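Each value in this text was obtained by applying a stated rule to the coordinates, not by laboratory testing. Only a predicted model underlies this, so the values are computations on that prediction, with no experimental measurement involved. All Cβ positions, glycine included, derive from the backbone under ideal geometry; neighbour counts span all protein chains shown.
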Amino acid sequence: MTTIPIDPPLQNETPEITVVIPCYNHGHFVHEAIESVLVQTFVNYEIIVIDDGSIDQTSEVVSQYRSVRYIQQRNRGLSAARNRGIQQSRGAYVVFLDADDRLLPQHFKVSLDFFDSHPDAGWVCGDFRFLGSDPTWRHVHLCKPAPDYFGTFLRGNFIVAPHAVMYRRQALIQSGGFDESLKSSEDWELYLRLIKQTPLYCHHHIVGEYRVTAEQMSRRWHVMLGSGVHVMRSKWQFVRGNPSYENAYSEGLTRLRMRYGERALWQMVADARSGQWTKVTKALWVLLRCYPQGLLNLLKGKAHSLFLHRKQDSL
């Protein structure tokens, strides 16, 4: 796990909240993310943009905002960018805002009020709506402890949007931050670790907007499948021997395979038909490790179809 070296705070700068915006080639969106922070009703905050090796117009866009701290680094991935943000942060609380998403104006006030009413909380969580959709189309996370929040997270990442969460900075530091070895599901892995260390409270107010695009990591089905199964397997030591956790673990793996494994299978078939063999090879390797039954079912289905086709030809 990453150990985060913490920079000493600058003198005379004591923001209550740090907003970390990791950005990789999202210069066309990052201004919306920044401006969604600038309109917060609670004003004691700082904004840090971590440019993770962008080759687009990100630096030019961010330079227009004099109050934003802009930090460039070579491309190291989302987890490393977020960890750099923690390292550079000076607020007592931290929010991670992806460069293509937005906060709603009441996010900070609602979250801080909930921390005030739950002083033992290490993190608090709200909800979000989808960008460009009907304003009534909102996400409603199902966070009922089963048997507790660790069991609930084993069943899946019910938070979905990272910017719906506000953390105590100290809780993030003590957790070690995000796992930089993961290509995806890094937020879910952090939640599974963090919930065993410090309490979470959910308030269910809508505090952000979440953008859905074709380029999102969540649409790289085999990557999401591989990372998700890896995260689950890494927590088995905390699951083994606890019947409630074992049931939640089994359900979580089934959900992963149904949500990402099936999509990865059919994406692999489409890539094979279009001759994209590099993609096919990568997906096949993940499916063999993480969803062999689905791969076997696909091959059986293909073999059955081929048998029927040849039988019809022989008639």
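Would you mind checking Lys144/Lys235; Lys144/Lys183; Lys109/Lys144; Lys109/Lys196; Lys144/Lys279 for any pair whose Cα atoms are more than 30 angstrom apart? Checking Cα-Cα distances, Lys144/Lys279 exceed 30 Å.
Here the label points at His31 and Thr278, each 7 Å from Cα along the C-beta direction, are separated by 3.4 nm in the simple model.
Across the chain, Cα pairs under 8 Å and at least six residues apart give a relative contact order of 18 percent. Tally Lys/Arg at +1 and Asp/Glu at -1 over every other residue whose Cβ is under 12 Å from the Cβ of Ser36; what's the total? My count for the surroundings of Ser36 gives -4.
Each Lys and Arg adds +1 at its Cβ and each Asp and Glu adds -1 at its Cβ; summed about the Cα centre, the chain shows a dipole of about 1540 debye. The distance separating the Cα centre of region 86-122 from that of region 31-59 comes to 14 Å.
Among the DSSP beta bridges whose two residues both lie in region 17-218, what percent are antiparallel, rounded to the nearest 5? Mind showing how you got there, number by number?
On the way: 8 of 31 bridges.
Roughly 25 percent of the beta bridges in region 17-218 run antiparallel, per DSSP.
Treating only the Cβ of Lys, Arg, Asp and Glu as charged (+1, +1, -1, -1), what charge dipole size does region 69-178 show about its Cα centre? Round to the nearest 20 debye. Display every interim value, and only then the final one.
Working: 14 positive and 9 negative charges, 98 e Å.
Rounded to the nearest 20 debye, it is 480 debye.
By its C-alpha gyration tensor, with a ≥ b ≥ c as the square roots of the eigenvalues, how is region 17-218 shaped: rounded for a/c under 1.5, else prolate for a/b larger than b/c, else oblate? It comes out rounded by the Cα gyration axes. Peptides 50-61, 236-247 ranked from most to least packed give 50-61, 236-247, packing being the mean of other C-beta atoms within 10 angstrom over each peptide's residues. Excluding same-chain neighbours fewer than eight residues apart, the aspartates and glutamates reachable from Lys282 by a Cα-Cα span under 16 Å are Glu262, Asp271.
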